[in-house]
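*Asks:* There's a structure below that I have some questions on.
Just so it is clear, none of the values below were taken in a lab; they were calculated from the coordinates. Here the structure is a predicted model, which means the values were calculated and not measured. With ideal geometry, Cβ positions are generated from the backbone for all residues, glycine too; neighbour counts draw on all protein chains shown.
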Amino acid sequence: MAIGRRGILLGSTALVIGAPAILRAQPASGQKVTVSHGFAMHGTPKYAADAGPPDYVNPDAPKGGTVRLGARGTFDSLNPFIVKSVPAAGITAIWDTLCWSSRDEASTEYGLVAETIEWPEDRSWVAFTLRPQARFHDGSPITVEDVIFTFDILKTKGSPNYAFYYHDVLKAEKVGDRKVLFTFRDASNKELPLIVGQLPVLSSKWWATRDFEKVTLEMPLGSGPYKVDDFDVGRSISYRRVPDWWAKDLWMNRGRNNFDTMRYEYYRDVSVQFEAFKAGEIDLRQENIARNWATAYDIPAVRDGRIIKAEIPHELPTGMQCFAFNTRRDMFKDRRVREAIATMFDFAWSNKNLFYGMYKRNVSFFGNSELASSGLPTAAELKVLEPLRGKIPDEVFSKEFALPETDGTGNVRELARRALALLKEAGWEVKDGKMTDTKTGRKLAFEMTLNDASFERVALPYKQNLERIGVDMNVRTVDTAQFKRRMDEFDFDMVVEGFGQSLSPGNEQRDYWGSKAAETPGSRNTIGVRNEAIDRLVDTLIAAPDRDSLIAATRALDRVLLWSHFVVPNWHNPKAMVAYWNRFGRPAKSARYAPVAFDTWWIDEAKDKALQRGGEKK
């Protein structure tokens, strides 16, 4: 369960009743309908209705203060829901959603705008009864009409990912003064109640006089804990906490959203952004460059404790960061060509010389979780895979997937031999020092498009390795706006991409790998996967009736994606690396699936004053 560009304690017993007469979609004969404050994909919710705060929140956290955060690139819109815009950082936080996702449970949601959640045994529909106190920032109530409007407009005029995400949701309709019913295409997708629960709720009245598909800088009407305060287009945006936020006293919100003001400063260059952090112009930085973490923080502020470096373990699936091929390009249609190019990436050398040995290689699209494939297929996986034999790589059935390894010295002769053999088999050979198609005479040359100059230090050694086998890879870094436009239009050969995953993959897999998404501008099918067998695997995953079936289907999909060599797998870190100026308090316990969870932090007045007295914090 993820969207866009990603219990131990039994709660109160869910009320089980017959289907309410007001519902137009009746459950199948003999089914019971559950009405509850929360919904778990498998099992039962951990927290009771109106429980105390989540375990990873300090309910006594003080409110107040201003934090400054960094953002890279630019923005041109305050409408994050359309494909045309480059939305401002943090903008989605101004809207509340029907449900709130727990960060220490796998695939569990609790009612936020919704007071209760209602579903039949077969999960063929879900109904939400809205809280009577739910309000937009102008004081107007959040209504069923607003929910229906939001669903309809996101599905028809929003970014393409919404249409894929809500594909199996047929309609939303009003069935009571505060109740909205979502009817599903069938009962095969058990995750749909969770998916619908993530719906942000927009004001139908506010949007009635505005063009939803237009890029806009008008401050939107929201309903969440923050509202837009001020902004300077492309340079900064500030959000101010709403002191009378309608949901501030709900159990899941006590101790969260503690800062009075959150300000994002934009930087075109990641190096300048880092210097701004060291100078005290940014309060917190989540580091993703191992070299920086190992060497760049050897500064007085870290040594004397004014800046804290924290490594926070997590249990999040790592997903797949990678160099992604655009298989819409003729030169990348042959799996052997893709495998050959991928073979020449020397991860061991990069990890040793660039990453200080801090990273692990990605060997699964669902790594760091029970969803990752390993070894040979199990009987449960074979049950999913066998009907597709002949339509997926034969290696899926007979070989354990493994990436080529080196000793880290930079000697890639063995890699080159393997790559050259694959290319020869695919009809390519070296002529005058260039890899050449023996039939057409064209050269094997392509461009890797980046939007972060820090990746050049990884891409350029890779480029040199490819040159050894006659393959030309040009490395080009472009600005954020151009990069987004080219991604939306699939105008690239290879890019750095990330396919985030959750513990409960579902509809978003259609957006990642579905044939229809491959033809839809702005979708997340970056690679251009158009494969009937993969479509069937995604459908099987979505329709999994229980956790064991979901695991088997996900591992089967993982194997096919890996053996298709759609990507050059990159790396991951099993810990979140966070550096921050020592002015914050943090909960004693971190959330299992959100290691930073910055919305649970607060300004520690004593630390803040001590830091100011030191004269280093500006």
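*Asks:* Would you mind ranking Lys391, Lys227 by Cβ crowding within 10 Å, fewest neighbours first?
*Replies:* Lys391, Lys227
*Asks:* Considering only DSSP states other than H, G, I, E and B, which trypsin sites (Lys or Arg not before Pro) in region 124-201 qualify as loop sites with at most 13 other Cβ atoms within 10 Å?
*Replies:* Arg185
*Asks:* Which whole-number percent is the relative contact order of region 320-572 (Cα, under 8 Å, 6+ apart)?
*Replies:* Value for region 320-572: 34 percent.
*Asks:* Next question, about the same structure. Provide the three semi-axes, in whole Å and in decreasing order, of the ellipsoid equivalent to region 320-572 as defined by the square roots of 5 times the Cα gyration tensor eigenvalues.
*Replies:* 29, 20, 19
*Asks:* Then there's this: Which order results if Ser398, Ser77 are arranged by neighbouring Cβ count within 10 Å, fewest first?
*Replies:* If I rank by nearby Cβ atoms, fewest first, I get Ser398, Ser77.
*Asks:* Using mean Cβ contacts within 10 Å as the protection proxy, how do 264-276, 245-257 order, highest first?
*Replies:* For the peptides 264-276, 245-257, the packing ranking is 245-257, 264-276.
*Asks:* Tell me, how many Å apart are the Cα centres for region 506-585 and for region 172-188?
*Replies:* Computed from Cα coordinates, the inter-centre distance equals 28 Å.
*Asks:* Compute the convex hull volume of the Cα atoms of region 400-440, divide it by the residue count, and report the result per residue in Å³ as a whole number.
*Replies:* It comes to 87 Å³ per residue, whole-number rounded.
*Asks:* Now, a different point. If you wrap a convex hull around the C-alpha atoms of region 492-607 and split its volume per residue, what is the figure in Å³?
*Replies:* Spelled out: Cα convex hull of region 492-607, divided by residues, is 160 Å³.
*Asks:* Also, quick follow-up: Among DSSP beta bridges whose residues both lie in region 320-572, state the antiparallel percentage, nearest 5.
*Replies:* Here the share of antiparallel DSSP bridges comes out near 65 percent.
*Asks:* Between (i) 0.97; (ii) 1.10; (iii) 1.14, which entry matches Rg/Rh (Cα atoms, Kirkwood Rh) as derived from the coordinates of this structure?
*Replies:* Of the listed options (i) 0.97; (ii) 1.10; (iii) 1.14, (i) comes from this structure.
*Asks:* With charges only on Cβ, +1 for K and R and -1 for D and E, what is the dipole size of the chain about its Cα centre, in debye, rounded to 20?
*Replies:* 760
*Asks:* With a ≥ b ≥ c taken as the square roots of the eigenvalues of the C-alpha gyration tensor of region 570-614, please select rounded if a/c is under 1.5 and otherwise prolate if a/b is larger than b/c or oblate if it is not?
*Replies:* oblate
*Asks:* I'd like the distance separating the alpha-carbon centroids of region 135-170 and region 84-130, in whole Å.
*Replies:* With region 135-170 and region 84-130 each reduced to a Cα centre, they are spaced 12 Å.
*Asks:* First select every other residue whose beta carbon is under 11 angstrom from the beta carbon of Ala576; then total the charges, Lys and Arg +1, Asp and Glu -1.
*Replies:* In short, -1.
*Asks:* Can you give the local net charge around Met473? Use residues other than it whose beta-carbon is closer than 9 angstrom to its beta-carbon, Lys and Arg +1, Asp and Glu -1.
*Replies:* Neighbour charge sum, excluding Met473 itself: -3.
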